[in-house]
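See below for the structure under consideration.
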């Protein structure tokens, strides 16, 4: 039976460790994005869509993003309405830069939802 050289085992452990660290750093942003997606979906299904202005809806999305510690500004939230005034679609587009030694990872997210 052939034995693996020790350097290969160390290299594999190092690579797995780096991947695990990267996963640990990025995973919270993905989970927060899922929560924001769910919240935006609930907003589009709400009954009071016609009564809320775009500014109020944008404020609600920004408030939720702030609670989730996501770097979203008012320019990242786009609200599209139907001719009758109901919200047709809410799009949120943002990027999260994550600095790792020697490189910056840019995670792009596009949560959005439309009414049915």
Within region 107-116, the residues that are exposed (fewer than 12 other Cβ atoms within 10 Å of the Cβ) and farther than 17 Å from residue 43 by Cβ are 108
Any hit, region 80-102, residues being assigned to a helix (DSSP H, G or I) and free of Cβ contacts under 8 Å to residues at least 24 places away in the same chain: no
Count of residues meeting criterion [under 29 Å from residue 69 (Cα atoms) and in a helix (DSSP H, G or I)] in region 1-52: 34
If you scan region 66-106, which residues turn out to be under 19 Å from residue 44 (Cα atoms), at pLDDT below 90 and touching a strand residue (DSSP E or B) at 6+ places or on another chain (Cβ under 9 Å)? 80, 81, 82, 87, 88, 89
The number of residues in region 47-79 that are farther than 15 Å from residue 110 by Cα and loosely packed, with under 15 Cβ neighbours inside 10 Å is 13
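The values are calculated or read from the model by the stated rules, or taken from the named source; none is laboratory data. Keep in mind the model is a prediction, meaning the values are calculated, not measured. Using ideal geometry, Cβ is built from the backbone for each residue, glycine included, and neighbour counts are taken over all protein chains shown.
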